[in-house]
Amino acid sequence: MFTDSQLEIETSFIILSDHEKISRLADVLLNYSYAVIESEQLYTIGKEEQYLLSAGGKSQTIKTWLQASGILPSAVISCEEINKEEIDWIRPVIIKKEMNYQGIVTATARIRSLQKENRHVTTYFETLAETVNDAVTAVDRNGTVFYWNSAAEDTYHIKKEAIIGKKIGEHFDSESIQLHKILKEGNPIRGTYHRPNEHTHVLINASPVLVENEIIGGISTERDITKLIRLNQELDSNSSLYIQKEEPFSSIQSESKEVKRAVEIAQKVASAEIPVLINGEAGTGKEQLAQAIHYGGSKRSKPFLSLNCSTVPKDLIEMELFGYQKMAFDSRDTEEMEGKMEQAESGTLFIEEVDKMPPPVQEKLLYYMTNQSFARVGGEQQKKTATRLILSSTQPLGELVRKGLFNEKLYYQISIIHIEIPPLRNRKEDIPVLVSDCMKKYSEKHNKKVDKINHQALHILCAYDWPGNIKELNNVIEHSVLVSEGKNEIMLEHIPAEIVEKYKVSIREEKGNKEEDEMQRIEEVLKKTYGNKSAAATLLGISRGTLYNKIKEFGLK
């Protein structure tokens, strides 16, 4: 934080040799704040020290006077060295840059600069702490709170004046305070889940404050994830059903050989309680197939739950999957939360985008698959469940294993049955059927009677590449059904403009490529016939008039 602009450097000084007389030193101190004496070492004499000169005669040399007075030499440093601990501040310090003296700094000036620097650092810290959305707490080595930001007030409903200056244990259960732990152990904590009270969920990052390897305090940031937890719970309770429970595989209609093969494999393994890995791009229908496997198998009467590793924050995935257990000495005060693995007991858990699962959680999942048991986050007791796992990935897991980005042993555990779902752009024969199903679904949902689609509109939908796959197609058809006011047919104007525009661009590019090929062919034939247009027209199989028109159109000579 230190810069030389923050330091009060006295620049009113003159340089004297120690061979000069005391009278000369006395004279210059009338006009300058300091004199720098060059001797075997450097000395500084300040204007306020003129009274010391009376001890020597006016004709005495400065060197003799220095020897007799016992004045100590001054340290000589650069601005960059100002923070060095070995600097002796008994005498004013000389600041030197390269071969030149910049000025003089006294101990008093240095203290003022440190106080200013301290104010700046404190202000920076306070501003940063108030800028972030996380609750910020700072304590000293005894656990006394000396900083508590506004976000902490909002999260815990405790005002600053009620907690600053008090031990943090006065407001929270001592055993659950992570700052107590780092003050004792000195190890930082990252992404630890915690419930400080019944209604609040937080993620904690905490670090000890170290000075010369001694812990002088600790700082923690706590992110309030209560809304996120509740949102996940709401999504779980309102999860979409993509198939008919009675005949689940009949819901997956496709003319694609690859999809038919995927459904055939899924039907064969539905009743075998082994893990299934479904691979495919986002939106290809992986959860629909997972639901069909569950409701088409022996666990159909039990829960089907899902956990998406790409939407749940990485620090929360382990807790969402395996649950949470508060460590407490008093068994009557236990605090626990079931994870998806327990909630789906005897049923099916669909883990989406397992390729996004953090490596430590991959290790824990591997342990579960090997031993059929696990411990909740923060707990030690092993729990056993009979939950079937269906997993999905948007990336080829085998390739990630080769790159060292996915746990190899886990990959072999989950890929006993591996089903691949092709993207929609590779099975465009399915688009008319999917469009018809979507029109029926969204007409019923929005109380419409849209049961037809214009030929040109369907042609454009079939030509589109669908980067978002079936999910994107669903969204587009729902949009088209909603905007088709008073009509029972989806027309071209009901298709989102960006899809129509992409179609037009692709047609223009295709036409441009054809014209470019035609122009190049005419040029080549004209070269072969040395510009003889009658001969060129004969070789091209067109009339001379058509050739002349083409030459004019393409600007050929």
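The values are calculated or read from the model by the stated rules, or taken from the named source; none is laboratory data. Please read all numbers here as calculations on a predicted model, not as lab measurements. Cβ atoms come from the backbone with ideal geometry, glycine included; neighbour counts cover every protein chain shown.
At least 3 residues that are modelled with pLDDT under 90 and closer than 28 Å to THR192 by Cβ in each: list the helices (runs of 4 or more DSSP H) lying fully within the stretch 226-316 that qualify.
On the way: elements: 226-237, 257-269, 286-295.
Answer list for the stretch 226-316: 226-237.
Out of the stretch 350-380, which residues are assigned to a strand (DSSP E or B) and either touching a residue at least 24 places away in the same chain (Cβ under 8 Å) or surrounded by 15 or more Cβ atoms within 10 Å (Cβ to Cβ) (or both)?
Initially, the stretch 350-380 is screened for residues assigned to a strand (DSSP E or B), giving 350-352, 373-375, 377.
PHE350, ILE351, GLU352, PHE374, ALA375, VAL377 - these are the residues of the stretch 350-380 that are assigned to a strand (DSSP E or B) and either touching a residue at least 24 places away in the same chain (Cβ under 8 Å) or surrounded by 15 or more Cβ atoms within 10 Å (Cβ to Cβ) (or both).
Of all residues in the stretch 404-449, count the ones that are in contact with a Phe, Trp or Tyr (Cβ under 8 Å, 6 or more places away or on another chain) and not in a helix (DSSP H, G or I).
The qualifying residues number 2.
Can you name the residue in the stretch 45-75 that is surrounded by 16 or more Cβ atoms within 10 Å (Cβ to Cβ) and closer than 21 Å to THR108 by Cα and, of all such residues, is farthest from the chain's Cα centre (by Cα)?
Only one residue tops the list, namely ILE71.
SER346 - would you say it is touching a residue at least 60 places away in the same chain (Cβ under 8 Å) and among the small types (Gly, Ala, Ser)?
Values: touching a residue at least 60 places away in the same chain (Cβ under 8 Å): no; among the small types (Gly, Ala, Ser): yes.
Criteria not met by SER346.
Residue-wise test of (1) small (Gly, Ala, Ser); (2) in contact with a strand residue (DSSP E or B) (Cβ under 8 Å, 6 or more places away or on another chain); (3) assigned to a loop (DSSP other than H, G, I, E, B); (4) modelled with pLDDT of 90 or more.
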{"residue": "LEU114", "(1), (2), (3), (4)": "no, no, no, no"}
{"residue": "GLU117", "(1), (2), (3), (4)": "no, no, no, no"}
{"residue": "ASN133", "(1), (2), (3), (4)": "no, yes, yes, no"}
{"residue": "ALA162", "(1), (2), (3), (4)": "yes, no, no, yes"}
{"residue": "GLY165", "(1), (2), (3), (4)": "yes, yes, yes, yes"}
{"residue": "GLY169", "(1), (2), (3), (4)": "yes, no, no, no"}
{"residue": "GLU175", "(1), (2), (3), (4)": "no, no, no, no"}
{"residue": "ILE182", "(1), (2), (3), (4)": "no, yes, no, no"}
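Where in the stretch 1-81 are the strands (runs of 3 or more DSSP E), entirely inside, with at least 1 residues that are charged (D, E, K, R) and at pLDDT 90 or above?
Counting at least 1 such residues, we get 34-38.
Going by the conditions given, is ARG91 modelled with pLDDT of 90 or more, of a type in the set (Lys, Arg) and surrounded by 18 or more Cβ atoms within 10 Å (Cβ to Cβ)?
Working: modelled with pLDDT of 90 or more: yes; of a type in the set (Lys, Arg): yes; surrounded by 18 or more Cβ atoms within 10 Å (Cβ to Cβ): yes.
Spelling it out, ARG91 is indeed modelled with pLDDT of 90 or more, of a type in the set (Lys, Arg) and surrounded by 18 or more Cβ atoms within 10 Å (Cβ to Cβ).
Restricting to the stretch 246-301, and then to whatever is β-branched (Val, Ile, Thr) and closer than 14 Å to PHE350 by Cα, can you tell me which residue is surrounded by the most Cβ atoms within 10 Å (Cβ to Cβ)?
Step one: filter the stretch 246-301 for residues β-branched (Val, Ile, Thr), giving 252, 259, 263, 265, 269, 274, 276, 278, 284, 293.
When the remaining residues are screened for being closer than 14 Å to PHE350 by Cα, the result is 274, 276, 278, 293.
Working: ILE274: 11, VAL276: 25, ILE278: 25, ILE293: 31.
Restricting to residues being β-branched (Val, Ile, Thr) and closer than 14 Å to PHE350 by Cα, the top hit is ILE293.
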